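Enquirer: Handing you a structure now.
The values are calculated or read from the model by the stated rules, or taken from the named source; none is laboratory data. Since the structure is predicted, the reported quantities are computational estimates derived from the model, not experimental observations. Cβ sites come from the backbone with ideal geometry, for glycine too, and all protein chains shown count toward neighbours.
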Amino acid sequence: DAKTTQPTSMDCAEGRAANLPCNHSTISGNEYVYWYRQIHSQGPQYIIHGLKNNETNEMASLIITEDRKSSTLILPHATLRDTAVYYCIVPSLYNAGGTSYGKLTFGQGTILTVHP
Amino acid sequence: DGGITQSPKYLFRKEGQNVTLSCEQNLNHDAMYWYRQDPGQGLRLIYYSQIVNDFQKGDIAEGYSVSREKKESFPLTVTSAQKNPTAFYLCASSKGRGGTEAFFGQGTRLTVV
């Protein structure tokens, strides 16, 4: 399983971009990088995922390095409501009944605090 | 609205009693998962299932049991054999077929006294 390494905590000023790094140096060629976040006492929320190209959606952008050993989640204009724990995950793939599934293993994540 | 529902949100039980946590989804997802979260920690996988009547142990299955009699439902029983059952329990589902975007319920906070 590809493991990920993230900083324990980060701070960001409201309205500025939050850039959250993640190292996944053992990722294999067919494994995706997923980002989730968890606001206190709630279930995690999916943010974005990618394989090798940069991705953008309404919540965030994901930049993956060319060697795929690291990635950065970008929240372009952080708000106070973005304060949460952010998890970078490389799901371990398994097959069951001819279908591919991904098992999510959560690490400690990065505690992002957005300040006024 | 489609989603995944856990109930109840808070649950109190006496030590030595079994307790069952409910998880229902109407997303037509094949895969369902149960996680446990302790204060200040990440989520740890208890059990997971891809199809009806089939499930696998996760990293911390001891003291827990599950069933998958219907695609929509994946209840978790915390048995008296679980030494430290007080925790936040989260259920998730995903469609599989390479799409591993998982949807989580809002969790059940179990307190055993």
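Enquirer: Specify which of the listed residues (A:Thr72, A:Thr79, A:Thr110) is within 14 Å of another protein chain (Cβ to nearest Cβ) and at pLDDT 95 or above. Break it down into steps so the answer makes sense when it comes.
Expert: Working: A:Thr72 fails: within 14 Å of another protein chain (Cβ to nearest Cβ); A:Thr79 fails: within 14 Å of another protein chain (Cβ to nearest Cβ).
Of the residues listed, the single one that is within 14 Å of another protein chain (Cβ to nearest Cβ) and at pLDDT 95 or above is A:Thr110.
Enquirer: Output the number of the condition that A:Asp11 fails; it satisfies all remaining conditions of (1) assigned to a strand (DSSP E or B); (2) more than 14 Å from the chain's Cα centre (by Cα); (3) surrounded by 13 or more Cβ atoms within 10 Å (Cβ to Cβ).
Expert: The failed condition is (3).
Enquirer: May I pose another question? Within the group B:Gly3, B:Gly16, which residue is surrounded by fewer than 20 Cβ atoms within 10 Å (Cβ to Cβ) and out of contact with any Ser or Thr (no Cβ under 6 Å at 6 or more places or on another chain)? It would help to see each step written out before you state the result.
Expert: Details: B:Gly16 fails: out of contact with any Ser or Thr (no Cβ under 6 Å at 6 or more places or on another chain).
Residue meeting the stated conditions: B:Gly3.
Enquirer: What residue, of A:Tyr101, A:Tyr34, A:Tyr87, is without any contact (Cβ under 8 Å) to a residue 40 or more places away in the chain, within 21 Å of B:Ile4 (Cβ to Cβ) and surrounded by 17 or more Cβ atoms within 10 Å (Cβ to Cβ)? Break it down stepwise before answering.
Expert: Details: A:Tyr34 fails: without any contact (Cβ under 8 Å) to a residue 40 or more places away in the chain; A:Tyr87 fails: without any contact (Cβ under 8 Å) to a residue 40 or more places away in the chain.
Answer to the check: A:Tyr101.
Enquirer: Is it the case, given these coordinates, that B:Ser80 is in contact with a strand residue (DSSP E or B) (Cβ under 8 Å, 6 or more places away or on another chain), of a type in the set (Gly, Ala, Ser) and more than 15 Å from A:Phe106 (Cβ to Cβ)?
Expert: Criteria not met by B:Ser80.
Enquirer: Does region A:19-32 contain any residue that is touching a helix residue (DSSP H, G or I) at 6+ places or on another chain (Cβ under 9 Å) and under 26 Å from B:Ala92 (Cα atoms)?
Expert: Taking every residue of region A:19-32 in turn, none turns out to be touching a helix residue (DSSP H, G or I) at 6+ places or on another chain (Cβ under 9 Å) and under 26 Å from B:Ala92 (Cα atoms).
Enquirer: A follow-up question, please. Filter region B:45-75 for residues that are under 29 Å from A:Thr8 (Cβ atoms) and of a type in the set (Val, Ile, Thr) and give the result.
Expert: Across region B:45-75, the qualifying residues are B:Ile46, B:Ile60.
Enquirer: Just to be sure, is B:Tyr64 of a type in the set (Ser, Thr, Tyr) and within 12 Å of chain A (Cβ to nearest Cβ)?
Expert: Details: of a type in the set (Ser, Thr, Tyr): yes; within 12 Å of chain A (Cβ to nearest Cβ): no.
Judged against the criteria, B:Tyr64 is not a match.
Enquirer: Something else now. Applying the selection to region B:16-44, what residues are within 27 Å of A:Thr8 (Cα to Cα), away from chain A (no Cβ under 11 Å) and more than 12 Å from the chain's Cα centre (by Cα)?
Expert: Just the residues of region B:16-44 that are within 27 Å of A:Thr8 (Cα to Cα), to begin with: B:33-44.
Checking which are away from chain A (no Cβ under 11 Å) leaves us with B:34, B:38.
Result: B:Asp38, single match.
Enquirer: Out of all the residues in region A:66-79, is one or more acidic (Asp, Glu) and surrounded by 14 or more Cβ atoms within 10 Å (Cβ to Cβ)? Write out each step before concluding.
Expert: So in region A:66-79, the residues acidic (Asp, Glu) come out as A:66-67.
Restricting the remaining residues to those that are surrounded by 14 or more Cβ atoms within 10 Å (Cβ to Cβ) gives none.
No: zero hits.
Enquirer: A further question on this structure: Could you list, in sequence order, the residues of region B:84-113 that are part of a loop (DSSP other than H, G, I, E, B) and farther than 13 Å from B:Arg44 by Cβ? Don't jump to the end; show me each part of the working.
Expert: Here is the first cut: in region B:84-113, the ones part of a loop (DSSP other than H, G, I, E, B) are B:84-86, B:95, B:97-98, B:100-102, B:105-107, B:113.
Correct list: B:Pro85, B:Thr86, B:Lys95, B:Arg97, B:Gly98, B:Thr100, B:Glu101, B:Ala102, B:Gly105, B:Gln106, B:Gly107, B:Val113.
Enquirer: Give me a count of the residues in region B:71-113 that are of a type in the set (S, T, N, Q), surrounded by fewer than 17 Cβ atoms within 10 Å (Cβ to Cβ) and either under 19 Å from A:Gly43 (Cβ atoms) or touching a Leu at 6+ places or on another chain (Cβ under 7 Å) (or both). Don't jump to the end; show me each part of the working.
Expert: At the first step, the residues of region B:71-113 found to be of a type in the set (S, T, N, Q) are B:73, B:77, B:79-80, B:82, B:84, B:86, B:93-94, B:100, B:106, B:108, B:111.
Next, only the ones that are surrounded by fewer than 17 Cβ atoms within 10 Å (Cβ to Cβ) stay: B:73, B:77, B:79-80, B:84, B:86, B:106, B:111.
Filter once more, so that each one left must be either under 19 Å from A:Gly43 (Cβ atoms) or touching a Leu at 6+ places or on another chain (Cβ under 7 Å) (or both): B:73, B:86, B:106, B:111.
The qualifying residues number 4.
Enquirer: Which condition number in (1) more than 10 Å from chain B (Cβ to nearest Cβ); (2) surrounded by 13 or more Cβ atoms within 10 Å (Cβ to Cβ); (3) out of contact with any Leu (no Cβ under 9 Å at 6 or more places or on another chain); (4) not basic (Lys, Arg) is the one that A:Gln42 fails?
Expert: (1)
Enquirer: Return the residues of region B:45-70 that are more than 14 Å from the chain's Cα centre (by Cα) and basic (Lys, Arg); say none if nothing qualifies.
Expert: Matches in region B:45-70: B:Lys70 only.
Enquirer: Taking region B:88-113, which residues are more than 10 Å from chain A (Cβ to nearest Cβ) and farther than 20 Å from B:Ser49 by Cβ?
Expert: B:Leu110, B:Thr111, B:Val112, B:Val113
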